[in-house]
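Engineer: The structure's right below; bear with me while I get my questions together.
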Amino acid sequence: LKEYFSTLEEARADLMALWNVSDPKLQELGLISSPDVMKAMYYSAVRTVLTQLIRIPHGDTIEEDHQRNRQLIVNYIMDKTGAIQRVERDGKSYLQLTDFPAMKEGVGMLLSELMRIKAEGDYAAIKVLVDKYGVHFDPQLRDQVAARYTKLNIPSYWCGINSELSAKFDAAGNLTAVSIGYPRDYVKQQLGYAAMYGVQ
(Lines give C-alpha, C1' and ligand atoms only; values in the text may rest on other atoms or scores of the structure.)
Protein backbone atom coordinates (compact mmCIF):
# COMPACT_ATOMS: atom_id res chain seq x y z
CA LEU A 1 0.00 0.00 0.00
CA LYS A 2 3.15 2.12 -0.19
CA GLU A 3 2.74 5.79 0.72
CA TYR A 4 -0.89 5.25 1.82
CA PHE A 5 -0.17 2.58 4.42
CA SER A 6 0.31 4.95 7.39
CA THR A 7 -2.87 6.88 6.62
CA LEU A 8 -4.78 3.59 6.38
CA GLU A 9 -3.40 2.39 9.72
CA GLU A 10 -4.22 5.65 11.49
CA ALA A 11 -7.73 5.54 10.06
CA ARG A 12 -8.22 1.92 11.11
CA ALA A 13 -7.16 2.76 14.67
CA ASP A 14 -9.55 5.70 14.95
CA LEU A 15 -12.39 3.79 13.30
CA MET A 16 -11.95 0.82 15.65
CA ALA A 17 -12.34 3.19 18.61
CA LEU A 18 -15.34 4.93 17.03
CA TRP A 19 -16.97 1.58 16.26
CA ASN A 20 -16.32 -0.16 19.57
CA VAL A 21 -17.06 2.74 21.92
CA SER A 22 -20.79 2.01 21.74
CA ASP A 23 -20.41 -1.66 22.68
CA PRO A 24 -22.51 -2.19 25.87
CA LYS A 25 -19.85 -4.56 27.20
CA LEU A 26 -17.49 -1.61 27.71
CA GLN A 27 -20.01 0.07 30.01
CA GLU A 28 -20.69 -3.23 31.77
CA LEU A 29 -16.94 -3.54 32.47
CA GLY A 30 -16.81 0.04 33.74
CA LEU A 31 -14.57 1.21 30.92
CA ILE A 32 -17.16 3.60 29.52
CA SER A 33 -19.31 5.65 31.89
CA SER A 34 -22.32 6.15 29.60
CA PRO A 35 -23.46 6.25 25.96
CA ASP A 36 -22.60 9.96 26.05
CA VAL A 37 -18.93 8.96 25.67
CA MET A 38 -19.71 7.76 22.15
CA LYS A 39 -21.42 11.04 21.34
CA ALA A 40 -18.46 13.02 22.67
CA MET A 41 -16.05 10.96 20.56
CA TYR A 42 -18.17 11.40 17.44
CA TYR A 43 -18.48 15.15 17.99
CA SER A 44 -14.72 15.38 18.54
CA ALA A 45 -13.98 13.46 15.34
CA VAL A 46 -16.12 15.88 13.35
CA ARG A 47 -14.80 19.02 15.06
CA THR A 48 -11.15 18.04 14.59
CA VAL A 49 -11.48 18.15 10.81
CA LEU A 50 -12.01 21.90 11.12
CA THR A 51 -9.64 22.69 13.96
CA GLN A 52 -6.71 20.81 12.41
CA LEU A 53 -6.79 23.18 9.43
CA ILE A 54 -5.10 25.91 11.48
CA ARG A 55 -1.95 23.77 11.41
CA ILE A 56 -1.77 24.05 7.62
CA PRO A 57 -1.29 27.78 7.02
CA HIS A 58 -0.62 27.55 3.27
CA GLY A 59 -1.98 25.60 0.32
CA ASP A 60 -4.88 23.18 0.18
CA THR A 61 -3.15 19.85 0.72
CA ILE A 62 -2.84 17.69 3.84
CA GLU A 63 0.47 15.82 4.08
CA GLU A 64 0.45 14.39 7.63
CA ASP A 65 -1.06 10.90 8.06
CA HIS A 66 -3.06 11.58 11.25
CA GLN A 67 -4.63 14.64 9.65
CA ARG A 68 -5.36 12.79 6.41
CA ASN A 69 -7.00 9.97 8.36
CA ARG A 70 -9.33 12.35 10.22
CA GLN A 71 -10.27 14.15 7.02
CA LEU A 72 -10.83 10.81 5.26
CA ILE A 73 -13.21 9.55 7.95
CA VAL A 74 -15.39 12.65 8.17
CA ASN A 75 -15.53 13.40 4.44
CA TYR A 76 -16.33 9.76 3.63
CA ILE A 77 -19.16 9.69 6.18
CA MET A 78 -20.50 13.03 4.92
CA ASP A 79 -20.55 11.70 1.37
CA LYS A 80 -21.85 8.20 2.01
CA THR A 81 -24.39 8.71 4.81
CA GLY A 82 -25.27 12.38 5.17
CA ALA A 83 -24.84 12.04 8.94
CA ILE A 84 -22.56 15.09 8.90
CA GLN A 85 -23.38 18.27 7.03
CA ARG A 86 -21.58 21.51 6.36
CA VAL A 87 -23.82 24.39 7.42
CA GLU A 88 -23.46 28.15 7.20
CA ARG A 89 -24.62 30.41 10.00
CA ASP A 90 -23.95 34.15 10.40
CA GLY A 91 -21.27 33.98 7.72
CA LYS A 92 -19.44 31.09 9.40
CA SER A 93 -19.10 27.46 8.33
CA TYR A 94 -19.67 24.55 10.68
CA LEU A 95 -19.75 20.79 10.42
CA GLN A 96 -22.90 19.48 12.06
CA LEU A 97 -23.38 15.89 13.16
CA THR A 98 -27.10 15.23 12.84
CA ASP A 99 -27.48 11.45 12.91
CA PHE A 100 -25.48 9.24 15.31
CA PRO A 101 -26.76 5.89 13.96
CA ALA A 102 -25.93 6.95 10.41
CA MET A 103 -22.46 8.04 11.50
CA LYS A 104 -21.88 4.68 13.14
CA GLU A 105 -23.03 3.02 9.91
CA GLY A 106 -20.50 5.14 7.99
CA VAL A 107 -17.77 4.24 10.47
CA GLY A 108 -18.53 0.56 9.88
CA MET A 109 -18.62 0.94 6.11
CA LEU A 110 -15.24 2.67 5.96
CA LEU A 111 -13.67 0.32 8.50
CA SER A 112 -14.87 -2.68 6.51
CA GLU A 113 -13.45 -1.26 3.30
CA LEU A 114 -10.09 -0.44 4.89
CA MET A 115 -9.87 -3.96 6.32
CA ARG A 116 -10.55 -5.38 2.86
CA ILE A 117 -7.98 -3.08 1.25
CA LYS A 118 -5.32 -4.08 3.76
CA ALA A 119 -6.09 -7.80 3.47
CA GLU A 120 -5.94 -7.71 -0.34
CA GLY A 121 -3.18 -5.11 -0.68
CA ASP A 122 -5.50 -3.10 -2.92
CA TYR A 123 -3.29 -0.11 -3.72
CA ALA A 124 -5.64 1.33 -6.34
CA ALA A 125 -8.56 1.40 -3.88
CA ILE A 126 -6.67 3.07 -1.01
CA LYS A 127 -5.25 5.64 -3.42
CA VAL A 128 -8.74 6.55 -4.64
CA LEU A 129 -10.14 6.77 -1.08
CA VAL A 130 -7.36 8.89 0.39
CA ASP A 131 -6.97 11.13 -2.64
CA LYS A 132 -10.73 11.76 -2.79
CA TYR A 133 -11.49 12.23 0.90
CA GLY A 134 -8.25 12.82 2.79
CA VAL A 135 -5.86 15.04 0.86
CA HIS A 136 -7.43 18.31 -0.24
CA PHE A 137 -9.46 20.90 1.63
CA ASP A 138 -11.06 24.26 0.94
CA PRO A 139 -8.44 26.93 1.78
CA GLN A 140 -11.16 29.54 2.29
CA LEU A 141 -12.61 27.33 5.04
CA ARG A 142 -9.13 27.06 6.60
CA ASP A 143 -8.71 30.85 6.51
CA GLN A 144 -12.10 31.31 8.15
CA VAL A 145 -11.33 28.76 10.86
CA ALA A 146 -7.89 30.29 11.46
CA ALA A 147 -9.41 33.76 11.88
CA ARG A 148 -11.97 32.41 14.35
CA TYR A 149 -9.31 30.42 16.21
CA THR A 150 -6.98 33.44 16.55
CA LYS A 151 -9.60 35.18 18.69
CA LEU A 152 -9.31 32.37 21.25
CA ASN A 153 -5.62 33.16 21.84
CA ILE A 154 -4.61 29.52 22.28
CA PRO A 155 -1.72 27.74 20.54
CA SER A 156 -2.06 25.68 17.37
CA TYR A 157 -0.06 22.90 18.99
CA TRP A 158 0.35 21.88 22.60
CA CYS A 159 1.89 18.98 24.41
CA GLY A 160 0.97 17.17 27.56
CA ILE A 161 3.09 15.63 30.24
CA ASN A 162 2.16 12.03 30.92
CA SER A 163 1.46 10.82 34.41
CA GLU A 164 3.93 8.29 35.77
CA LEU A 165 2.98 5.09 37.58
CA SER A 166 5.21 3.59 40.29
CA ALA A 167 4.69 0.05 41.54
CA LYS A 168 5.37 -1.08 45.15
CA PHE A 169 6.13 -4.70 45.97
CA ASP A 170 6.34 -6.69 49.19
CA ALA A 171 9.30 -8.86 50.20
CA ALA A 172 7.91 -11.78 48.19
CA GLY A 173 7.73 -9.69 45.04
CA ASN A 174 3.93 -9.32 45.05
CA LEU A 175 2.47 -6.06 43.85
CA THR A 176 1.00 -4.17 46.81
CA ALA A 177 0.23 -0.72 45.46
CA VAL A 178 0.55 1.60 42.51
CA SER A 179 1.02 5.33 42.95
CA ILE A 180 0.56 7.98 40.31
CA GLY A 181 2.80 10.99 39.92
CA TYR A 182 2.49 14.13 37.85
CA PRO A 183 5.91 15.33 36.70
CA ARG A 184 6.33 19.01 35.87
CA ASP A 185 9.30 18.89 33.51
CA TYR A 186 8.40 18.01 29.92
CA VAL A 187 12.00 17.95 28.68
CA LYS A 188 13.11 15.68 31.53
CA GLN A 189 10.26 13.27 30.77
CA GLN A 190 11.09 13.16 27.06
CA LEU A 191 14.79 12.58 27.78
CA GLY A 192 13.75 9.77 30.12
CA TYR A 193 11.74 8.17 27.32
CA ALA A 194 14.71 8.54 24.98
CA ALA A 195 16.97 6.79 27.50
CA MET A 196 14.39 4.05 28.09
CA TYR A 197 13.59 3.30 24.46
CA GLY A 198 16.67 4.56 22.63
CA VAL A 199 19.01 2.27 20.80
CA GLN A 200 22.23 1.80 22.76
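Engineer: Kindly rank 119-129, 157-167, 64-74, 24-34 from highest to lowest mean number of other beta carbons found within 10 Å of each residue.
Structural biologist: Result, highest mean Cβ count within 10 Å first: 64-74, 119-129, 24-34, 157-167.
Engineer: With all protein chains present, how much of the accessible area of the chain (probe radius 1.4 Å) comes from carbon and sulfur, to the nearest whole percent?
Structural biologist: That fraction is 55 percent.
Engineer: Taking the alpha carbon gyration tensor of the range 137-200, what are the square roots of 5 times its eigenvalues, largest first, to the nearest whole Å?
Structural biologist: Rounded to whole Å, the semi-axes are 42, 16, 11.
Engineer: Still on this structure, I have one more. Starting from one equal scatterer on each C-alpha and no solvent at all, send me the Debye-based log10 I(q)/I(0) for the range 23-140 at q = 0.20 Å⁻¹, two decimals.
Structural biologist: Relative scattering, expressed as log10 I(q)/I(0), comes to -1.18.
Engineer: For THR61, THR176, give the ranking by accessible area with the largest first, probe 1.4 Å.
Structural biologist: Result of the area sort, largest leading: THR176, THR61.
Engineer: Need the list of aspartates and glutamates near LYS127 for cross-linking: C-alpha distance under 12 angstrom, and skip anything on the same chain fewer than eight residues off.
Structural biologist: Of all the aspartates and glutamates, those that pass the test against LYS127 - Cα under 12 Å, at least 8 places apart if same chain - are GLU3.
Engineer: Same structure again: Subtracting the Cα-Cα distance from 0.36 nm times the residue separation, let me have the gained length for TRP19 to THR176 in nm, one decimal.
Structural biologist: Net length gain for the segment: 52.9 nm.
Engineer: Going by accessible area, probe 1.4 Å, with all protein chains left in place, what is the ranking of SER22, SER112, largest first?
Structural biologist: So, going from the largest accessible area down, we get SER112, SER22.
Engineer: Please express the shape of the chain as an equivalent ellipsoid: the semi-axes are the square roots of 5 times the eigenvalues of the C-alpha gyration tensor, given largest first in whole angstrom.
Structural biologist: For the chain, the semi-axes come out at 34, 23, 21 Å.
Engineer: Another question about this same structure. Spelling out what I want: for every residue of the range 150-162, take phi, set θ = phi - 60°, compute 6.51 cos²θ - 1.76 cosθ + 1.60 (Karplus), and round to whole Hz; glycine and proline get x.
Structural biologist: Rounded to whole hertz, the list is 4, 5, 7, 6, 10, x, 5, 10, 8, 9, x, 9, 6.
Engineer: Distances longer than 20 Å among the Cα atoms of the range 1-68: what percent of all pairs is that?
Structural biologist: 44
Engineer: For the chain, what is the calculated [θ] at 222 nm in deg cm²/dmol (nearest 500), taking -39500 (n - 2.57) for each run of four or more DSSP H residues and dividing by its residue count?
Structural biologist: Rounded to the nearest 500, the figure is -17500 deg cm²/dmol.
Engineer: HN-Hα J couplings of the range 89-100 from phi, Karplus 6.51/-1.76/1.60, θ = phi - 60°, integer Hz, Gly and Pro as x?
Structural biologist: Here the 3J(HN,Hα) series is 8, 6, x, 10, 9, 9, 9, 10, 8, 10, 8, 5 Hz.
Engineer: Counting only protein chains, not ligands or nucleic acids, how are PHE100, PHE137, PHE5 ordered by accessible area (probe 1.4 Å), most first?
Structural biologist: PHE5, PHE100, PHE137
The values are calculated or read from the model by the stated rules, or taken from the named source; none is laboratory data. No experiment lies behind these values; they were computed from the predicted model shown. Glycine also receives a Cβ, built like all others from the backbone with ideal geometry; neighbour counts cover every protein chain displayed. Keep in mind that these areas ignore ligands, DNA and RNA; they rest on the heavy atoms of the full protein, side chains included. Shrake-Rupley method; radii C 1.70, N 1.55, O 1.52, S 1.80 Å.
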